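One structure is given below, encoded as structure tokens.
Derivation of every value follows stated rules applied to the coordinates shown; laboratory data play no part. From a predicted model like this one, the values you see are computed outputs, not experimental measurements. Quick reminder, even Gly has a Cβ in these numbers, built from the backbone with ideal geometry, and neighbours come from all protein chains shown.
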Amino acid sequence: MSFDGSNTTTLSPTFSESFGSHVLSNSISSLTSSPASRPSPSNISRTYRQAAQLFLTRRLPEALSTVLPLITPSTENADANGLTEPAPVARASRSTRIKVWSLYLTVLNAILELEPDEGKDAFGAQEWRALGKKVRDGDVWEEVVQSGYHGVEGEVDADVVINLATLLLSHAKSQVENQRRLENYLAATNTPNLDISKQLESSSTSRLPSTSRHRRSTSKGANGADTPRDLGARVKILELYTLHVLLRNNEWDYAREFISINTVLDEERKDAFLQALQSLQEEQQEAERTELEEKKSQEEQLQRDLEEARRLRAENEARERRRLDEERAKRKGNEVDYGIEDTPASSVRRNKPRQATNGSALSRSTKAHASQGKKTAAAPSLGARAVAVIMNLRKVVDQMGASFKANPRLLMRFLAFIVGVLVILSKRSMRERVQRILGAGWNKVKSTAGMGVKVSYI
């Protein structure tokens, strides 16, 4: 150590190595401390089985509340920098981690498939809407990355990615977020992870050469698949991305190009994917064509219905106009008949006073001759009289019908009059009184007729 004004300090290699090892061992021991507050792998497995059993019995609220502690980070042991302890599932084995996240996503899918009333009764309206919003907006993907994989997108297990993509395909409002997440995941798994701090597992790792650490950090291949199982999961993710998500976003050309240049798929799988893409595009085009034809046929049928309705309306209006014209013409004809009608009986009645006043000026022989000539000239046959009576009755009936049609209230008054007469005649006292009045009238008529006969005889 020198104090010559250069302000430089040198440490021996041995001290530096021992100090670094001591600091690293202390940090690792602090990370692995407080075992009582962390669930053990056996506790995680037991909790998972309990939640799975609750889900199988359709007790969804209990299943969700049971699995949530496994995937929720703990905020009790936050350090000075505000960093929280990761969720217990992040320290579980790969198979257990996949099972827990798959169960959580399956429970969310079952919750969203509930009817609105059933979901609100089971979880409450606010919580049920919050769970649905988290899935439909794609926030559940970020929750999985942050809580279970330390915020590293490429570290998410392929099976969990498949379940996430399938969940968003079923319930997301738009597949834009699903496409972005899958593209980020594919890009992250195709790029080696150079973050050495994530690969340290013990204090001895700090003394490994940099080349060894780089080899451990890039243990996953460039295509994100080291085993046949990883390769199958990778192919499944590519299938979801190219044959479902991109097609839902109407990116057919990009899906075809992505399949053609992908290095994970061999030629056989590429051909299968391209054929499936072509068949799906043809099915969509056929569905669109069928929909257009159905829409066109519905519009044509609607147009025909409108034209038929217009035609029927025009026919009804024309029929109504003809009926009104006929009624108007009939009323006019009836009015003309009323004005010119002059029956022989009425003319005879009008001429009787004249004959009576002029009878004294004529001789009896002249009146007898004139009356005999009229009788012989105007005496119709019995059939003609019957026809005339029938025609008059028919005319009266027609006139009454026209009057009733023109003024329905007249018919109601006539019916009311008939009913009143019948009610009056139903009483015995009224019948007797009417009979007396009619009898008195008839006696007067007979006496008047007798006097007329006597005068005519004289």
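Numbers for the structure displayed
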quantity	calculated
For segment 154-161, 3J(HN,Hα) per residue [Karplus equation, 6.51 cos²θ - 1.76 cosθ + 1.60, θ = phi - 60°, Hz, x = Gly/Pro]	x, 8, 5, 5, 4, 5, 5, 4
Spacing of the two label points (7 Å from each Cα toward its C-beta) at residue 287 and residue 399, in nm	7.9 nm
Pair residue 320, residue 295: separation of 7 Å Cα→Cβ label points (nm)	3.8 nm
Residue order, fewest to most surrounding Cβ atoms within 10 angstrom, among 273, 258, 414	414, 258, 273
Fewest-first sequence of 118, 293 by Cβ atoms within 10 Å of each Cβ	293, 118
Förster radius 56 Å - calculated FRET efficiency between residue 308 and residue 266, Cβ distance, rounded to 0.05	0.35
Estimated vicinal HN-Hα couplings, Hz - segment 132-146 in sequence order (Karplus 6.51, -1.76, 1.60; Gly, Pro = x)	x, 5, 4, 7, 5, 8, x, 5, 5, 5, 5, 4, 5, 5, 6
Normalised convex hull volume, segment 226-327, alpha-carbon set, Å³ per residue	102 Å³
Cα gyration tensor of segment 39-191 - equivalent ellipsoid semi-axes, whole Å, descending	23, 21, 15
For residue 172, distant residues with modelled amide H under 5 Å away	none
For segment 171-179, Karplus couplings with θ = phi - 60° (6.51, -1.76, 1.60), whole Hz, Gly/Pro x	10, 6, 5, 9, 8, 5, 5, 4, 5
